Amino acid sequence: MKRNLGFGIIGTGAIASKHAAAIRELAGAELVAVCSSSEERAARASESFKVRAYSDIKAFLNHPELDIVCICTASGAHLEPALAAAKAGKHLLIEKPIEINLERTDELIAACHTAGVKLGVIFQNRFTEDYLKLKQAVSQGVFGKLLMGNAYVNWFREATYYSGSDWRGTLKGDGGGALINQGIHTIDLLVDIMGEVSTVFGQVKTVLYPIEGEDLGAALVNFKNGALGNITAGTALYPGYPERLEIYGALGSAVLEAGKIIQWNVKGEESAIVEPLAQSKSGASDPMAIGHALHLVQFEDMIQAIQEERAPIVTGESARKSLALIQAIYDSSKLGKRIGVG
């Protein structure tokens, strides 16, 4: 009988608890160790997660039952533990964004290829039933030629969200603000379904909070297939509304809100929306309102990828695309002009 795959978590902040909950509910998986940056945090994590805890990453990576490392550190601190884990032959699941810039991202991806380990990035919203239905419809041409795709993440965070953290909203720890932290999930869906981006004109501002990154951002996107797109994101937009993805084609359109299809219209067909909307979880005003059920599905995909010797659904290269667009928005805002997306 094959033993369970052993998961370890580096970083013991709020998101680590969701990883731990998903691992513990997943058949064929076991949480075997956690690693924190200090002995004090490691001790608290050991008590909380009921597993062996380390404050030394080398000792953590030498844990005998460790197969997969989940990185839940600050966004700008993903690269270094990822390099160490890859060198140790451990597969990787990294919280979004993969890193805070393309240079660090490309180094991380290359290291995993060199080491021959799997690299997955947490974009759990790609696994919702309604998003998969929408993506399949687009790929089958149900809505015809794509004309426009919009991503709106108009959220709100209390000032304590930033003041209570030493990295949120900082350029070194977060890489920016509302776009790279909150908006990236829906931007990832936008790029995944609409395809490659050619150019973008963007503007970001910091209007409400004393942070280095932006709490307000907007962009006009040109896709390589000729479609246009709009992006807005914010953490200063009271009271915060559910994230929204809009897809328009020559034959119809659909709207996804908080992971649920709320509009579905195809020329010549009766609308598929016939039931009252299901209640969906959104982080519009509370970052902890988002559950771990979709993390569980993505973790299951990672296990299957290892067992079947295939790539996970969300690879490092795939996750890089939304980061490239966001970095281009930042660069466009600094330069005050439309620029290409690399």
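The values are calculated or read from the model by the stated rules, or taken from the named source; none is laboratory data. Everything quoted here is computed from the prediction, not taken from an experiment. Virtual Cβ from ideal backbone geometry, glycine too; neighbours counted across all protein chains shown. When the accessible area is computed, the model is the full protein with side chains, heavy atoms only, and any ligands, DNA or RNA have been set aside. Shrake-Rupley method; radii C 1.70, N 1.55, O 1.52, S 1.80 Å.
So in the chain, what percent of DSSP beta bridges are antiparallel if you round to the nearest 5?
On the way: 37 of 65 bridges.
Of those bridges, close to 55 percent are antiparallel.
If I stretch the segment between SER55 and THR114 completely, what's the gain in nm (0.36 nm per residue apart, minus their alpha carbon distance), one decimal? All intermediate terms of the calculation are to be shown ahead of the outcome.
Working: separation 59, 0.36 × 59 = 21.24 nm, distance 2.67 nm.
My answer for the length gained is 18.6 nm.
In degrees between 0 and 90, to the nearest 10, how far off the longest principal axis of the chain does helix 102-115 point, with axes built from Cα atoms?
It works out to around 50 degrees.
Using the basic label-point model (7 angstrom from Cα toward the beta carbon), what is the GLU196 to GLU309 distance in nanometres?
Roughly 3.0 nm, to one decimal.
If you bin the C-alpha pair distances of segment 31-112 every 5 Å from 0, what whole percents do you get?
3, 16, 26, 25, 18, 9, 4, 0
Among ALA233, ALA293, ALA86, determine the one that fluctuates most according to a GNM of the chain built with springs between C-alpha atoms less than 10 Å apart.
Judging by the Gaussian network model, the answer is ALA293.
Per the 1.4 Å probe, what fraction of the accessible area of the chain, in percent, lies on carbon and sulfur atoms? Provide the component values of the computation, followed by the final result.
Values: 8040 of 15520 Å².
The value for the chain is 52 percent carbon and sulfur by accessible area.
Tell me, in nm to one decimal, what length is gained between LEU228 and LYS145 on full extension, where the rule is 0.36 nm per residue of separation less the Cα-Cα distance? Please list the in-between numbers first.
On the way: separation 83, 0.36 × 83 = 29.88 nm, distance 1.20 nm.
Extra length available between LEU228 and LYS145 comes to 28.7 nm.
Please provide three numbers in whole Å: the alpha-carbon extents of segment 128-177 along the principal axes, with the largest listed first.
Cα spread of segment 128-177 along its principal axes, largest to smallest: 46, 20, 17 Å.
For segment 103-258, with equal point scatterers placed on the C-alpha atoms only and solvent neglected, what are the log10 I(q)/I(0) values from the Debye formula at q = 0.09, 0.18 1/Å, to two decimals?
-0.34, -1.15
Let me know the shape class of segment 200-274, please: from the alpha-carbon gyration tensor, a ≥ b ≥ c as square roots of the eigenvalues, rounded when a/c is under 1.5, otherwise prolate if a/b is greater than b/c, or oblate.
Values: a/c = 4.95, a/b = 1.71, b/c = 2.90.
Oblate is the answer for segment 200-274, as a/c is 1.5 or above yet b/c matches or exceeds a/b.
What FRET efficiency comes out for the pair ALA14/GLN136, r = Cβ-Cβ distance, R0 = 25 Å, nearest 0.05?
0.15
Based on Cβ point charges of +1 for Lys and Arg and -1 for Asp and Glu, what charge dipole magnitude is obtained for segment 1-127 about its Cα centre, in debye rounded to the nearest 20? Don't jump to the answer; show the numbers that get you there.
On the way: 15 positive and 14 negative charges, 80 e Å.
Dipole size: approximately 380 debye.
Taking the simple approach of a point 7 Å from Cα along Cα-to-Cβ for both ILE339 and LEU220, what is their distance in nm?
1.8 nm
Take the chain, mark every one of the GluC sites (Glu not before Pro) that falls in a DSSP loop and has at most 12 other Cβ within 10 Å, then report the longest stretch left between them, sites excluded. Don't skip to the answer; put the middle values down first.
Details: sites that count: GLU196, GLU269, GLU270, GLU309.
It works out to 1-195.
Can you compute the helix-only [θ] at 222 nm over the chain? Use -39500 (n - 2.57) per DSSP H run of at least 4 residues, normalise by all residues, nearest 500 deg cm²/dmol. Provide the component values of the computation, followed by the final result.
Values: 10 runs with 114 residues, N = 342.
Value at 222 nm, helices only, nearest 500: -10000 deg cm²/dmol.
How big is D for the chain, in µm² s⁻¹ as a whole number, if Stokes-Einstein is applied with the Kirkwood radius of its Cα pairs at 20 °C and 1.002 mPa s? Spell out each step's value before the answer.
Working: Rh = 20.6 Å.
So the translational diffusion coefficient is about 104 µm²/s.
log₁₀ I(q)/I(0) of segment 88-189 at q = 0.24 Å⁻¹, via Debye over equal Cα point scatterers, no solvent, to two decimals?
Calculated log10 I(q)/I(0) at the listed q: -1.25.
Using only Cα atoms, tell me the angle between helix 129-139 and the longest principal axis of the chain; keep it within 0 to 90° and round to the nearest 10.
60 degrees
Using alpha carbons only, how many degrees (0 to 90, rounded to 10) separate the axis of helix 293-308 from the longest principal axis of the chain?
Once rounded, one gets 70 degrees.
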